Amino acid sequence: MIYLQVFLNSLFLTLFATPFFITYLINQGIVDHLGDERKIHTRIIPRMGGLIVYISVLIVFVSFYNDLNSIRILLIGSFVIVICGMFDDIIGLDWNVKVFFQLIATVFLLISFSDHLINITFLGYEIPSALGYFILFIFVLGTINSINLMDGLDGLVTGYSLIKFFVLLILAVKFHDYFLILFFISFIGSLLGFLKFNAFPARVFLGDTGSLALGYFLTYGTLMVSKDISSNASVDLIVPIIFLSTPNLDTLRVIFIRILNKSNPFLADKNHLHHLLLSVEIKHKSVVFIIHLFSILYSLTMVIFAFYNKLLALFIYLFLLLIQLYLSNIIKILLNYNFFDFDLTSYFSFPHFLLKFYKYILLPLTFFAVFFFLYLIFPLKPYIEKPYLIVIMVFLISLFFLSYYHNKKDSYFHHVYVFFNITIFIVILIKGSQFVSDFYSTVILNIPVFLAVLYVFLFTSSFILFRDYFIKKDDHFLSGIDLTIIVIMFLLNLLNQIINLELLKISSLGLFLSFVIYFWYRIIITMLPKYERYFFNLSYVIPLFALLFFLLK
């Protein structure tokens, strides 16, 4: 329960504080101005939003972790890196001044980490202590800078960090590392809250304050988990190298290009991966999605290296490196051959009467399929203690009012709260359901269940394939946050195939089922917009009545 409290506190603290901080930043003129050719936004947007993430995590983590003396050096280093970012966001700093601050922060990070470290290895071979720490120093400094340089698109670094912290949390749970579990959950809650304002189209940027701080803590967390993987207080450098390859490889490539062009390797340009992908006319959200997919693949490669097959992982890693290095060229070739111009609607006609049949016959039938499935996974008896049930009910009621408030202002954001609500409800159901213990075989062997699942799958798939018939071409059905959720869902399901962990099994299955129901909800309110208010209320009423049933039983 303490982990849920940490998550909710960091989530709500960020959600409530960020709008006020956005207003403050605008009033103080701490904004990202237009004019720089590297800027892709078309309006003035406040920066330094990452300070809210840092403060939220600090407040929540300090409130639940008592042994602060053991991490005092780490916190001092974080103060240094955050001050550096704040000065850069407010007045601007030369690259050499920023590097000086980062050098100091890196020293503090390594001093803090050295308390947990005995030796440093590479592919199992021990490296002499002095050389090992020098390589580690360069790696930490380079990673902090790389994540900072990566922050060029809405939601890119926030989503990347969120994905990485999710993976690290799963591994921390596997190793029963209480400190790291609290540490990662604090960041996940805060980053989820901040992503609401930072996903495309962003209302606030992380700024150097946020990207430097995330680089600092993400590198530290990666090193700590790498130490746990070795189980003998050593770090095999290949583990963090694989895990954090997306920004590091991109930065090394850019620096190499600048040196070849005889320009300053520390001055910004438009050669980063996200710039190159945008230059071949890939949409903003798609670029972020592609980079997040690479972060997932590198994460899985690291897990395969650590727990499954080292040689296979190294082959996969080299393959991914080549793909990332030449990704923009590969996409250009595919575009030249019109690979992405496949339009399903040009191959199939969809008669008008079939549209009506889909909307007025098939759509209502999905209600029976979904409610039958919810009935099937409903626990036979309550398993959650009443005080916890009350806390969860208060949380869902708070989500309802937040969602209702944002629905009046901007319908884009209130869907996020609906998804949170559905996810919490589904996870509660499946954790207490006997049905979930053998979910996949039950779906296949039980004919009514199989037909219900197959029907919902075909219904949603047909909507995706023929969406141009159902919604206007310029309408955005999925948001940037939705795409990030898909990436995380994909990651959890793949990790579940590699790591045998009960929490991971429940999380991956719960997120998958929740997203299917959420996707079905979005289809309904898209096709029947005049009934959106009723379905919105229903999405909260059903979970609350179910919890009330548990409470009174």
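Among the criteria (1) surrounded by fewer than 23 Cβ atoms within 10 Å (Cβ to Cβ); (2) farther than 22 Å from I81 by Cα, the one F179 does not fulfil is (2).
Put simply, of G152, G159, G92, G85 the only residue that is surrounded by fewer than 19 Cβ atoms within 10 Å (Cβ to Cβ) and either under 21 Å from F21 (Cα atoms) or of a type in the set (G, A, S) (or both) is G92. Scanning segment 64-78 for residues that are surrounded by 14 or more Cβ atoms within 10 Å (Cβ to Cβ) and farther than 14 Å from I181 by Cα yields I71, I73, L74, L75, I76, G77, S78. All but one of (1) on the phi < 0 side of the Ramachandran plot; (2) in a loop (DSSP other than H, G, I, E, B) hold for H176; state the number of the condition that does not hold. Of everything listed in (1) on the phi < 0 side of the Ramachandran plot; (2) in a loop (DSSP other than H, G, I, E, B), H176 misses just condition (1). The residues of segment 322-351 that are surrounded by fewer than 15 Cβ atoms within 10 Å (Cβ to Cβ) and either hydroxyl-bearing (S, T, Y) or modelled with pLDDT of 90 or more (or both), listed by number, are L322, I323, Y326, Y337, T345, S346, Y347, S349.
List the helices (runs of 4 or more DSSP H) inside segment 461-553, counting only whole elements, that have at least 1 residues being modelled with pLDDT of 70 or more.
The qualifying helices (runs of 4 or more DSSP H) are 480-498, 502-527, 532-552.
State whether one or more residues within segment 22-37 are at pLDDT 90 or above, closer than 30 Å to V394 by Cβ, under 25 Å from the mean Cα position of the chain (by Cα) and not assigned by TED's automatic domain parsing to the domain that holds I390. Yes, because at least one residue in segment 22-37 is at pLDDT 90 or above, closer than 30 Å to V394 by Cβ, under 25 Å from the mean Cα position of the chain (by Cα) and not assigned by TED's automatic domain parsing to the domain that holds I390. Kindly evaluate A130 against the criterion of being closer than 21 Å to S234 by Cβ and small (G, A, S). Considered against the rule, which asks whether it is closer than 21 Å to S234 by Cβ and small (G, A, S), A130 comes out as yes. Restricting the first member to segment 198-219 and to residues that are on the phi < 0 side of the Ramachandran plot, and the second to residues that are of a type in the set (D, E, K, R) and part of a helix (DSSP H, G or I), the beta-carbon pairs closer than 7 Å and six or more apart or on different chains are F200/K285; D208/D88; D208/D89; T209/D89; L218/K164. Taking into account only those residues within segment 127-143 that are more than 16 Å from R253 (Cα to Cα) and in contact (Cβ under 8 Å) with a residue 12 or more places away in the chain, which is nearest to the chain's Cα centre (by Cα)? Looking at the filtered set, the residue picked out is V140.
Listed here are the residues, each with its yes/no results for (1) modelled with pLDDT under 85; (2) hydrophobic (A, V, I, L, M, F, W, C).
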residue	(1), (2)
L212	no, yes
T222	no, no
V225	no, yes
S231	yes, no
V239	no, yes
S245	no, no
I255	no, yes
P265	yes, no
H272	no, no
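The values are calculated or read from the model by the stated rules, or taken from the named source; none is laboratory data. All figures in this text were calculated on a predicted structure; none of them were measured in a lab. Neighbour counts run over all protein chains shown; Cβ positions are idealised from the backbone, glycine included.
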